[in-house]
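> Submitted below is the structure of interest, expressed as structure tokens.
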Amino acid sequence: MDLFRNAIVNPGPPEDFALQTVQEAIKPQKQTKLAQDENQLLENILRTLLQELVSAAVQSGEKVMQYGQSVAEGENSPGQIPRLLDIVLYLCEKEHIEGGMIFQLLEDLTEMSTMRNCEDIFGYIESKQEILGKPELFARGKLVMLRTCNQLLRRLSKANDVVFCGRIIMFLAHFFPLSERSAVNIKGVFNTSNETKYETEAPDGISIDLNFYKTLWSLQEYFSNPASLSVTPSKWHKFNSSLTTVLSTFEAQPLSDDEGNAINLEDEAANFSIKYLTSPKLMGLELKDPNFRRHILVQCLILFDYLKAPGKNDKDLPSETMKEEIKNCEERVKKLLDMTPPRGKEFLKSIEHILERERNWVWWKRDGCPPFEKQPLEKKLTQDGVKKRRPRWRLGNKELSQLWKWADQNPNALTDPQRVRTPAISEYWKPLAEDMDESAGIEAEYHHKNNRVYCWKGLRFSARQDLEGFSRFTEHGIEGVVPLELLPPDVRSKYQAKPNDRSKRAKKEETKSTIQPEENQIAATDINVEGSKANLETSAAPLDTDDTIATASTSQGGTPDEIQKQSSETDGGHDVRMEADADGEADAETGMIDGETDAEADLEAVS
């Protein structure tokens, strides 16, 4: 122990003498790391030394963390207890001794010190937070540190030591990871033991509205246990009636700017109280206090936020009537917070931001507190070895199930006109047009044409909005459907139709539309060719036949009468042949339309 007494007064850095001091005091079997029994022996020595130093500091009347502090050459040297903690922390960090030893010494130090000294001790803990949070130390002492902080919170007053309590809670939030389940209220249990007592009879000699007084303080019963409102409808009706009375009173007695400016928010931290007195004598003053009103209104927002929280069971969900009443009350509460001086709009904005983060926290807890750090997919597969079975969701996947739960929070999502909007053709095909530009240098594997869903949607849009472009799909594929005005000039020429093809297509359509009226006209008119009925039949026959049939019949040795008989038998297939002839040469179409001249020429050739 004397070796450590001399070590804590050594002004040099701990790495120069710390390990040597341990080796001289313990004489370990190994030079760099102590065995289990050696660690226990060293811990007993250090705890005994720490107890003696705290006792000496108390007897001298000095603060624990400043005992033995001296001023040398204009610089303040640390006290003996912080020096001892620095040496032990260095040895734990370098794994020369057991990592949980520093946490055990800090716990003993807080238990032996008064609350005024504990504030200085906790300041030392906050300064060493990064070193204490390292994995090799955190795994050894996280439970000891949690126990130490909880003991400090139990000893502190929640009304007078609010700032110190907040420092401890913030330290725990930074020291422990966000996924630490020990800091999460998984079941959502409320502290129903926090009761607010108030008088039920009016005091003598004081004029006060007793009904309003009892109505105001009866709200605390529901604020401490919001779950009871959704289970029992009668309680909700009673709460809604009481809250409406309180809000109406706040609205009828608005606060002026002078009353709000009388409260300085910056200097309020030292006098902040988490619970207000319920004496009827203070009722008039509390109604004029902006902080008191904010205290009540913020409690209302927290309760509404809990009732609207998604992910509950069906029996815990509020009814439609209850949702409408919650919405109306919430709007009134926010309006009152906005009107309450000083800086009502800034205060309301901060509260809304805090409640939004709280909703995200609730979602994370109800999902089972999943870790935020996710491993890469390849690495995860190699570790697991076997591919795990995909979880089954109620609506197909996790996102759809969450959307179904969010329907209560966003009922207008399905009726939003911007939710489903058909894009214009030029806007939709623009990414594919950029891929087709060779100057862009986009590799073929990254082209949008490889996306089957994108191409399928584009074909549907083109079929409805651009039928001409849709017709180019059979000839040029998906790239031919892109509007020509989006393509660069060198690419556009590849997909433009030739003038001959356009005139030929137009002529085909014109032929189909005019051939049926001309047939009716020829059948209804008496045409006299050379003054005989036989010549009329002969002249009408080539309308149903073509040069190929006449030539084939002549080559087989048929007579003109046989040819005429064959031509009359082919009248039944007239419509089919006309459709086939429409795809032939332009001069053949002209011959069929001008039936008189071509028929005479064919008969002369046959005879």
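> Tell me the per residue accessible area of the stretch 191-258 using a 1.4 Å probe; a whole number in Å² is fine.
On a per-residue basis, 58 Å².
> Would you mind checking the pairs Lys327/Lys398; Lys308/Lys374; Lys30/Lys94 and listing those with alpha carbons more than 22 angstrom apart?
Numbers: Lys327/Lys398 28 Å; Lys308/Lys374 30 Å; Lys30/Lys94 15 Å.
Distance filter (> 22 Å) returns Lys327/Lys398; Lys308/Lys374.
> Next question, about the same structure. With point charges of +1 on the Cβ of Lys and Arg and -1 on the Cβ of Asp and Glu, referenced to the Cα centre of the stretch 1-183, which listed residue (Pro13, Pro177, Leu50) lies farthest in the positive direction of the dipole?
It is Pro177, whose Cα lies furthest towards the positive end.
> Tell me, what is the per residue accessible area of the stretch 425-493 in Å², probe radius 1.4 Å?
Accessible area per residue: 64 Å².
> Roll a 1.4 Å probe over the protein heavy atoms and report the accessible area of Asp16 in Å², nearest 10.
100 Å²
> Within the stretch 1-183, what whole-number % of the accessible surface is contributed by carbon and sulfur, with the 1.4 Å probe and all protein chains included in the calculation?
Here carbon and sulfur together make up 48 percent of the probe-accessible area.
> Leaving out ligands and nucleic acids, note down the accessible area per residue over the stretch 1-183 with a 1.4 angstrom probe, in whole Å².
Computed with neighbouring chains in place, this is 54 Å² per residue.
> Shape of the stretch 425-493 from its Cα gyration tensor (a ≥ b ≥ c, root eigenvalues): rounded if a/c is under 1.5, otherwise prolate when a/b > b/c, or oblate? Before the final figure, lay out the partial values.
Working: a/c = 1.78, a/b = 1.29, b/c = 1.39.
Note, shape of the stretch 425-493 comes out oblate.
> Oh, and also: Rounded to the nearest percent, how much of the accessible area of the stretch 425-493 (1.4 Å probe, protein heavy atoms only) is carbon and sulfur?
C and S fraction of accessible area: 51 percent.
> Follow-up question, since we're still on this one. Which GluC sites (Glu not before Pro) from the stretch 37-69 combine a DSSP loop assignment with at most 16 other Cβ atoms within 10 Å?
Glu62
The values are calculated or read from the model by the stated rules, or taken from the named source; none is laboratory data. Keep in mind that this is a model prediction, so the values were computed, not measured. Cβ coordinates were reconstructed from backbone atoms using ideal geometry, including for glycine residues, and neighbour counts include every protein chain displayed. The protein model used for the area step is the full one, side chains on, heavy atoms only, and it has no ligands, DNA or RNA in it. Shrake-Rupley method; radii C 1.70, N 1.55, O 1.52, S 1.80 Å.
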